[in-house]
Each structure stands twice: as C-alpha cells, then as structure tokens.
Amino acid sequence: MHPPVPADAPTLQHAGLLLRSGQYAQARSVLEELVRRQPAQLQAHWLLGGACQEGGDPAAAERAFRAVLALDARWVPARVALGELLARSGRADEAERELRRAHADDPRFPRAALSLAQLLLAGERAAEALHITASALAVGAGDAELLGAHGYALQKLKRHDEAIAALQRAAQLAPQSARAEHDLALALHQTRRNEAAAAAAQRALAKGSDLAETWGLLGRALAALDRFDAAEAAFRAAIARRGDFVEAQQDLSQLLWLRHGDLSIATAVLDAALAIDPAQPKLLAVKAALHTGAGDHAGAHALFARAAALPDAHADVLLGAAVTALHSDRSAALAFARRADALAPNDDSVQAALCDILIAYGELADAEPRIAALQQRFPHDQHLRALQATIWRLRGDPRYGVLYDYPNMVRSYTIDTPPGWPDLASYLRDLAAALRRRHTTYGHPPDQSLRGGSQTLENLAAADDPLIKAFFRAIDRPIREHMAGLGHGDDPLRARNSGAYRLSGSWSVQLRPNGFHVDHFHTDGWLSSACYIELPDAVHGDGHEGWIKFGQPGLALEPPLPAEHFVKPEPGLLVLFPSYMWHGTVPFPGTQTRLTIAFDVVPA
C-alpha cells in the first residue's frame, strides 16, 4: 500500500519543501527531471501529480497518478487521488470505477470511502453512499469527515435522528472543526430543533467559520425561535460576507415582511442587490414572490416577466411568470408554461407545476398523463392527488367521490381536557394566552396559504411550554379514533392507514378580521387538521364566515368550482381530513381574531 523508500531522497525532500511552500512550478520542474532520469521512481510520480494538480494542470496530474498506479496498482492513495481528479473534471463514471476499486483494495482507508460516498451523494444516490460509509465505519475506518458523509446520507434518506447522532459523533471526533458543527447545525435546523441548531451554528462561528452559509443558517434558526433582531443581524452578516447570497437575501426580506407587513421595507434588501445586478433572475423571482404573497399579482407578474425575458431564465422563473399571468395577463400564462416545459421536460417539480397551469386552461388531456407519470414515481404526493381529483371532478368521473368522501373522510372531534384543568374551556383560555405570546409577527408567510394574519415559525410539537405539550396529549385519542374510523381499503387514503402515526409539522395561525386561507392542500401530510382554540363571534353567522371549506380548487379555473362542504368551528373542535383535499377559510368581519393550531399526520 505504500511506496518504497526512494533512491534519491534528497531531491524528493527538496521537492517536498517546494510543495509545502506553495512553489508548485519549481517543484514540478525538479520532479519532472527526476522522473525523466528515474522513470520507476514511484514517489516522484506521486509528488509530481500533486504539484501539477495544485499548479492547475489536471491533465498532467492525471498522467502522473496513472504512472504511480502502473508501478504499483494497489497503492490506494494514488487511486483515490486519481478518482477525485476525475470527479472534479466531470468524468463521474470513470471516477466511480477508480474510487470503488480503491475502497475494495483497502476498506479501512477512510478517504477512499469518503470520496466515493461524496461522488454518490452528488449523483443523488444516497442509499448507495450510506452503504459505503456504513461498511467503512463497520471495519473501523471512521474519521470525522466520513461520519459527516454518513450523516448527510442519512439526512437525504430522511433518517433524521440517526443523521443527527452521526453528525454529533463527527463533531466530537473533530472538536476544532467548524465544518462539523455547521453540518450538525444544518441537520438540527432541518428537523426544526432550532435551539440546538442555533447553538451548533454559534459554535461553528466560534471555531473559526466565517462562511456566509453559517451566518445564514444561524439566522434561519434564530428566526424560527422568534429571536428576530438577532436573526436579522445574522442574515445581514451573511450578505456582507457574500453579496450574491440570494438565499440570505430571500430570508432577510421575508423576515422583514413578517415583522412589518410592508412591501417597501421587505424588498429594500432585494432592491439594493438588484441595483448592482438588475438581471439577477433569482432575486427578481424572490421579489415577485413577496408581491404575490401581498396580493399584488400585477406587480409580481411584471417582475417574473422581466426575469423570464433574460437569456438564462430558469424554468421556475417561467412558471412563476405563468402563474402570476393567470391573475393579470391570462393570455400569456400558457406560453410561459410551455417554455418552462421545453426547458425542463424531466424536472418533476416543473412538470407538477405545469399541470396546475394546464388544468387552469382546461388542457386536461395534456395534464392527466403527466400526472399519471409523476404518480408512478411519487405515489404519495399530495399535490398530484389534488390535481387528479380536480380533473375527475371537472369530467364528472365517479372516482372523484372516492377521494372526496366527505362524510367518512372529514370528521370533527372534541379534544380531551388535559390533566390539571377543571374543564376544556379553562384549558383553551390558558392555551390561547400561550399561543398569542408566540404570534410576534404581523405579515403572513409569503409562501403559505395564510392571508391577513400571522403564523408561528417554530414546530409547536417541539416546544417546551407545558401548555403546548398538553395539547399534543389532548389530540392523541381523536387522531387514533379517526384512523380507526377510516379503516383500511384500496383508496389512496386508507391504503396507507397503518394504525400508527407521527406528526410531520405543527403550527398556530391567528387570523385578523377579513383574514382567510386561500384554497390549498398540504404537501407533507397524509392527514391534515384544524383545531379551534379561540373564535370570533362572526363564526356564528349564517354565511359560513370564518368556517373551513372543502373542495374548491386553488387553481385559476374559469369558471371556478365552488366549495362543496363546510364545517362550523367551535372552541376545542378538531377537524381531520385528507391532506390532498383542497381546503380554505371563508373571510370573517368584525374586530376579533381567530386562533387555531394545525398539524400534519403521516403513518408511522
């Protein structure tokens, strides 16, 4: 596995000193002379490969590494170096062959497993990457970087608890590594463990990271914890370190919108960046999304159309132009959508969004086979299920009634009174006070269904507040009762009923007068919910004001399909329904607010 002791050690030592001091051209000259005189000198070829690589000549580096392997085919470090070089050159298949052989030759060499796993992860092959990292760790090849790759593969496979455990071990193995702390912070934030995520991001910064990405990650974790001043400062620090950091600019603008509900304040950071780069399609799209969330469809379409006119416009931008055109320039919408399709015919998210446009235009014959093809790959996708149901309703297909079986699939329950309260009304009063303390923003999230109200950013199921913890005990019986009532069957809802569940997200919404939810579905759920904590007097009127409605598609149909089913809210009432079901809220008048908790359920 290791090269023999060189015959010309002084020359090699001199070359090594030149390499360590960054004098790559001088080192290369010395080593090329040495290999000319001694072509069998393995370590000279090895050092020459490094000098050429660092000096920016990958072709010469490849020749040198191959010369090493011609002299000793089982010298693993050289094969790994070759594989990494090929990967950086975009020759993924060749790189994989070299790295797989290196890993097979020495399963205990961490760099071989690490580089192979990273290549597989870059190719969206997380399961294969996990097999490689797990096998290497099993034979004792573990180091912090390999554990990090192992954790990342677990994240990609949504095995979040295992991923966090692996990344915590990686950080322990490399106590001075800022990168290990950053990776841990990212995994914690993705599972909404934001207190721990913020702490890990701060440790990464303390250990020397000054990356814009670490500052941005800290900002997202702090924002989810309602520490808005600190989050804003972190986002501004991220942008100061990388002026083209679109994600941080988006996060900051959205935070400002949530805090102030004022478009001019929210878009100021975007306008500053656009003044430098007026043709930045991502920034234009971010600004357009804020205008959409604020109800300014014409302004949003103007921005999306401007971005769509750029030569490097992404398919997502074209779809944004199409969606906003449905509200302000309907004749242009389908043309934008067709351009997006031509640009990204194999992009699943583009195809799903394209189907929204096609259905809105009545192009059902075009939309339906696209939906069917996507459902083959994503059988539990709630967006696709909602679109398929809409097509069936438009065609009068009896299969629509199987998916939208309101009497059996939309059911209401009164939650339990948690221990420690004399009655449910007392508990709801205390819970309402606890929730209101968490509603510290004014603007609604621009990417959510809410209009005219606020939504908590944290995952309530992870909150430490005893009042909120009690809520999740109070809903357990109704959820289990609902699943038992659904039973089992062949339809998409009942077929997934395992009898066990877990929550995939939970939040609270406070609607102001005239606030509402646009008609939508829940992408990440199986069952979704609305639980009423405190209600305005208006819900007792005759016009369904403040009620939850079902069946009206949130698509720009002409004419629109009306809602088919309504449920009247009551304090302590929990409504459970399929996540694919279109639902929204009827606006309500008056001066009082409407306070709810919502969550999604998935089979366990």
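Points worth noting:
- Computed extension length for Thr414-Arg36: 127.5 nm, one decimal, from 0.36 nm per residue of separation with the Cα-Cα distance subtracted.
- Options (1) 1.02; (2) 1.19; (3) 1.04 - which one matches Rg/Rh (Cα atoms, Kirkwood Rh) as calculated here: (3)
- For the chain, adding -39500 (n - 2.57) for each run of n ≥ 4 DSSP H residues and dividing by the number of residues yields -18000 deg cm²/dmol at 222 nm.
- Integer Hz, Karplus 6.51/-1.76/1.60 couplings in order for region 269-280, x for Gly and Pro: 5, 5, 5, 5, 6, 5, 5, 7, 9, x, 9, 7
- Here Val518 and Ser135 are evaluated by their C-beta separation; at R0 = 41 Å the FRET efficiency comes out at 0.25.
- Karplus-based coupling profile of region 332-344, in residue order and whole Hz: 8, 4, 5, 5, 4, 5, 5, 5, 4, 4, 5, 6, 9, with θ = phi - 60° in 6.51 cos²θ - 1.76 cosθ + 1.60 and x standing for Gly or Pro.
- Under 5 Å, built H, 5+ apart or other chain: amide partners of His565: Phe550
- Spatial offset of region 349-411 relative to region 482-538 amounts to 19 Å, using the alpha carbon center of each.
- For the chain: relative contact order, % (alpha-carbon pairs under 8 angstrom, 6 or more apart): 8 percent
- For region 412-428, the Karplus equation 6.51 cos²θ - 1.76 cosθ + 1.60, evaluated at θ = phi - 60°, returns couplings of 10, 9, 8, 5, 6, 7, x, x, x, 10, x, 7, 5, 4, 5, 5, 5 Hz by residue, with Gly and Pro reported as x.
- Length gained when the stretch Leu394-Ala335 is fully extended (0.36 nm per residue, less Cα-Cα span): 18.9 nm
- Counted by neighbouring Cβ atoms within 10 Å, the residues Asp465, Asp251 run from fewest to most as Asp465, Asp251.
- Proximal lysines relative to Lys287, as straight alpha-carbon distance under 30 Å, when same-chain residues fewer than 8 apart are discounted: Lys156
- Computed E for Ala25/Glu94 - FRET, C-beta separation, R0 25 angstrom, nearest 0.05: 0.35
- Fully extending the segment from Asp537 to Ala372 would add 54.9 nm, taking 0.36 nm per residue of separation and subtracting the current Cα-Cα distance.
- Ser426/Arg502 FRET efficiency (R0 22 Å; Cβ-Cβ; nearest 0.05): 0.15
- Inter-label distance, nm, simple model (7 Å from Cα along the C-beta direction), Asp57/Asp244: 3.0 nm
- For a label point 7 Å along the Cα-to-beta-carbon line of Glu162, residues of region 373-405 with backbone N under 11 Å: none
- Amide H partners (placed H, <5 Å) of Asn514, local residues excluded: Phe588
- In summary, the lysines within cross-link reach of Lys469, defined as a Cα separation below 28 angstrom excluding same-chain residues under 8 places away, comprise Lys158, Lys568.
- Sequence of Asp161, Asp416 once ranked by neighbouring C-beta atoms within 10 Å, starting from the fewest: Asp161, Asp416
- Listing Phe228, Phe566, Phe577 from fewest to most neighbouring C-beta atoms within 10 Å gives Phe566, Phe228, Phe577.
No lab work stands behind these numbers, since they all come straight from the coordinates. These figures come from a predicted structure and were not determined experimentally. Neighbour counts are summed over all protein chains in view; Cβ atoms, including those assigned to glycine, are modelled from backbone coordinates with ideal geometry.
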